[in-house]
1. Out of segment 88-109, which residues are free of Cβ contacts under 8 Å to residues at least 40 places away in the same chain, surrounded by 15 or more Cβ atoms within 10 Å (Cβ to Cβ) and either at positive phi or assigned to a helix (DSSP H, G or I) (or both)?
2. Within segment 167-182, does at least one residue satisfy the condition of being in contact with a helix residue (DSSP H, G or I) (Cβ under 6 Å, 6 or more places away or on another chain) and in a loop (DSSP other than H, G, I, E, B)?
3. I need the full set of residues from segment 198-211 which are assigned to a loop (DSSP other than H, G, I, E, B) and among the basic types (Lys, Arg), in order please.
4. Only one of (1) loosely packed, with under 12 Cβ neighbours inside 10 Å; (2) touching a strand residue (DSSP E or B) at 6+ places or on another chain (Cβ under 8 Å); (3) aromatic (Phe, Trp, Tyr) fails for Phe152. Which number is that?
5. Restricting attention to segment 186-201, does a residue exist that is under 19 Å from Leu75 (Cα atoms), within 32 Å of the chain's Cα centre (by Cα) and among the acidic types (Asp, Glu)?
6. Would you mind finding the one in Leu224, Leu217 that is closer than 16 Å to Ala91 by Cβ and either polar (S, T, N, Q) or modelled with pLDDT of 90 or more (or both)?
7. Specify the residue that is nearest to Val122 (Cα to Cα); the eligible residues are those in segment 212-251 that are in contact (Cβ under 8 Å) with a residue 24 or more places away in the chain, charged (D, E, K, R) and not in a strand (DSSP E or B).
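The values are calculated or read from the model by the stated rules, or taken from the named source; none is laboratory data. Bear in mind the structure is a predicted one, so any value in this text is a computation, not a measurement. A quick note on method: Cβ atoms are made from the backbone with ideal geometry, for glycine too, and the neighbour counts reach across all protein chains shown.
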Amino acid sequence: MRKGDPAPSGRGPEAAVSGRSRAGAEGGDGSGWIIETVVSPFHCLYQDALDFHKQSHLRLPRSEAEASRLARASLLLYLEAAEALVHQAAAELARPELAALLTDPVRPMPPMTAWSLLPVIVGDGTASGFDPDGPPWAQLAEMLALRDSWRFPGPPASRSAYYCSPCRDGSYEPLEARQAPPGLDIAADRLILPRTGLPLDPYALRPRHLDTARSVLDQAIEALDRRLGGALTKAARHRREPVRVVWPRGT
């Protein structure tokens, strides 16, 4: 059982520890039961991203603005989960003398460098299989670069966004590359990213873009797992959040 999963038959967290006595749950000093879990930040953030992803799809028929707001939150959480995954794996799998290369928050390594280096510092995987210009790495790098463009926006001239409407006082929607009139001279790469098709304008993000983002992240996880010889996801290591009872003692 993972923390956050529904308890079997509506019972509390003690259901996670089968065959243990319930003696002392309401007796003794009255402290009840206390459990300890080891949190997987990757699992937590990925599940949050997935929930916002689903909600974005559900809101779209009612409001594109609401769907876009949820899509932005989801995308950021997917990318935070991607970074958490590598740092978490380094802490658990890397050789002790090398783990700090990826786990030191004071000297953070660029995300794509961390993804490429992890198998090397683990030592059981392979350094091959990482082509920064090929899928899924190039797509993941593009998504991370998009996030960075939001964190470091740059001058106003680099933040132009375009919207169109059939009439001047109508409802305006984000301009798609195919809608740009030839005389306006708006290149496609000023509107969307070339590898993933994600929009540069954060207000233009839609649920379909999240479908792409999740697919890229899942493919990157699978590719990284292959480079690590299966160690990344063995026994659901990256998602596992074990639980044990710590009070009452001896139960």
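1. Filtering segment 88-109 down to residues free of Cβ contacts under 8 Å to residues at least 40 places away in the same chain leaves 90-91, 94-109.
Imposing the further condition that a residue be surrounded by 15 or more Cβ atoms within 10 Å (Cβ to Cβ) reduces the set to 90, 94, 98-99, 101-103, 109.
Residues satisfying the conditions are Ala90, Leu98, Ala99, Leu101, Leu102, Thr103.
2. Taking segment 167-182 and keeping what is in contact with a helix residue (DSSP H, G or I) (Cβ under 6 Å, 6 or more places away or on another chain), we get 174, 177.
Imposing the further condition that a residue be in a loop (DSSP other than H, G, I, E, B) reduces the set to none.
Within segment 167-182, none of the residues are in contact with a helix residue (DSSP H, G or I) (Cβ under 6 Å, 6 or more places away or on another chain) and in a loop (DSSP other than H, G, I, E, B).
3. Taking segment 198-211 and keeping what is assigned to a loop (DSSP other than H, G, I, E, B), we get 198, 200-201, 205-206.
Across segment 198-211, the qualifying residue is only Arg206.
4. Status for Phe152: all satisfied but (2).
5. Of segment 186-201, the ones under 19 Å from Leu75 (Cα atoms) are 191-201.
In the following step, the residues that additionally are within 32 Å of the chain's Cα centre (by Cα) were identified as 191-201.
Subset that is among the acidic types (Asp, Glu): 201.
For segment 186-201, residues under 19 Å from Leu75 (Cα atoms), within 32 Å of the chain's Cα centre (by Cα) and among the acidic types (Asp, Glu): present.
6. Details: Leu217 fails: closer than 16 Å to Ala91 by Cβ.
Answer to the check: Leu224.
7. Arg227
Yes/no matrix, rows are residues, columns are (1) closer than 24 Å to Ala141 by Cβ; (2) touching a strand residue (DSSP E or B) at 6+ places or on another chain (Cβ under 8 Å); (3) surrounded by fewer than 18 Cβ atoms within 10 Å (Cβ to Cβ):
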site	(1), (2), (3)
Pro174	yes, yes, no
Pro181	no, no, yes
Thr196	yes, no, no
Tyr203	yes, yes, yes
Arg208	yes, no, yes
Leu217	yes, no, no
Glu222	yes, no, yes
Arg227	yes, no, no
His238	yes, no, no
